[in-house]
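Accompanying notes for the structure given below.
The values are calculated or read from the model by the stated rules, or taken from the named source; none is laboratory data. This is a predicted model, so every value here is computed, not measured. Note that each Cβ is placed from the backbone with ideal geometry, even for glycine, and that neighbours are counted across all protein chains shown.
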Amino acid sequence: MSDDRRDDTDSNETTGELRDNTIDFGDEFGEVKFADSDDSAPAISVDSTDTAQLPHWSEEPTGESPRFGVQPRDPSRPGTRDASRPTREPSRPASPPPVSRPAPEGRIRIGSDPTDQRARRTSDTHPTMRDRTGDISRPIPRDRTADPSRPTVRDRSPRRPTPVRPSQVRRARPDRGDTGTQPRPIGADRNLSSAVIVGLVLVVLFVGTSFVGPAAVMALVIVVLGIAALEFFSQTSNRGLGAPMVVGIVACVAAPLAAYYMSHLAIAMVVVFAFIAGAVSMVGSNDDQSGAITSLGTLMLGVVYIGLLGSYAGMILRMSTLSSALPNIGTDTLFIAVFAVAANDIGAYFVGSAIGRTPLKESISPNKTVEGLIGGTIATFCVVVILGLQSDTWNSLMEWIMLAAVVSIAAPIGDLLESVLKRSLGVKDFGTVLKGHGGVLDRFDGVLLSLPTVYFLAVTLTPWAS
């Protein structure tokens, strides 16, 4: 059968007739024409005469390097195409016209291709890309068609910054601890007019009760200490420290009364019973006992700080009741001590506001300066000397110097101690009873620590004996 096929092929080549090898694949691909001649002749020759045939793969290798090259074909060789004979070109159907497709909506046209997938802004395809305004753009679909139901896209045009007026700029407060800084102006932290008015009222009350007698002064002391205790335990209760407020206020009021009517032994009795009452309240409480140490410690701190130290005012006033020959010993001593503390506070405030540059203890109270401490000490000496000249109790220069010295040391320490307590509680003032001064405890913090030092100095020197 293979011989018959070969004979047919040879007959066709001999007669010179060409077989039509065109196949019609329909409308999709059209007609495809295959080769109409046998190109089985080797196109690569080994030698220049084109007479040598390539060796068969089963023959032994000769070791020679063949020469490859395209040689012109011999037209007399059967199976080769005659270049002079025209070839028949198949008829190709016309290509169909391009299908017009509508441009998809929401795309940006670049050039002439509205359907290009790359025709999108980088700021809209990724949320971290930035546009010209520097803002992070969100992937907002952009629809160019006017649709009133859709929200409008925000304007990305660069905006001009709003000018800031010089008066709107807040200037940072300079650190007064630096060398080249200016001191703060007088009255910057206080309402000076209100402070002066309240101070004058306190002076009138104290002077008036001093002329009445030690019992009247003692009544004023009880009121002051009671308000101070109320301020202290109110602030600690607001911070959740849990100190028994009633026990603390009663103890702070009872201690100076017991000292005035009895003796210094009564002070210890009040402190001990205050501790026992606080312990009973802790034991009988149904609350969580994890804060018992904090509650009891806060109670005793208030009793010692206000009640125990304040009770020495009663001890000083008690000296006026010990001898009918010297009825003004206690009132004069307390009068000089209170005005000495007030002079120390006022002198330190005004001098520190005017020329103060070196902080005394910046971590506790940045407004208190070494210059203010020196100014307060000078003011204290001046007031003690002036009042000592009018007193029959303190009538010696050495006694004045010693009294002024203990007040100048104790009053600033008491002021700093009260600042530490306020910082621990996170409050600016313990109260607002005295306008321009804060609370009662804020005003008499230096007096509380000065009272025991003045009392012990008085009973040691006994200046009235001379």
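The table that follows gives values for the structure above.
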| read-out | value |
| --- | --- |
| Residue within segment 339-348 that is more than 28 Å from residue 268 (Cα to Cα), among the charged types (D, E, K, R), crowded, with 16+ Cβ neighbours inside 10 Å and touching a residue at least 24 places away in the same chain (Cβ under 8 Å) present | yes |
| Complete set of residues in segment 372-417 that are among the β-branched types (Val, Ile, Thr) and under 40 Å from the mean Cα position of the chain (by Cα) | 374, 409, 413 |
| Options 247, 221: the member that is assigned to a helix (DSSP H, G or I), of a type in the set (A, V, I, L, M, F, W, C), at pLDDT 90 or above and more than 16 Å from residue 320 (Cβ to Cβ) | 247 |
| Where residue 287 falls short, out of the listed (1) part of a helix (DSSP H, G or I); (2) outside the structural domain of residue 430 (by TED's automatic domain parsing) | (1) |
| Criterion: over 17 Å from residue 247 (Cβ atoms) and surrounded by 18 or more Cβ atoms within 10 Å (Cβ to Cβ) - qualifying residue of 265, 309, 296 | 309 |
| Candidate set from segment 365-396 (those that are part of a helix (DSSP H, G or I) and free of Cβ contacts under 8 Å to residues at least 24 places away in the same chain); member that is farthest from residue 352 (Cα to Cα) | 389 |
| Neighbours by Cβ (under 6 Å, 6+ apart or cross-chain): first from segment 404-427, among the aromatic types (Phe, Trp, Tyr); second modelled with pLDDT of 95 or more and crowded, with 20+ Cβ neighbours inside 10 Å | none |
| Residue that is touching a Phe, Trp or Tyr at 6+ places or on another chain (Cβ under 8 Å) and assigned to a helix (DSSP H, G or I), where the choices are 216, 228 | 228 |
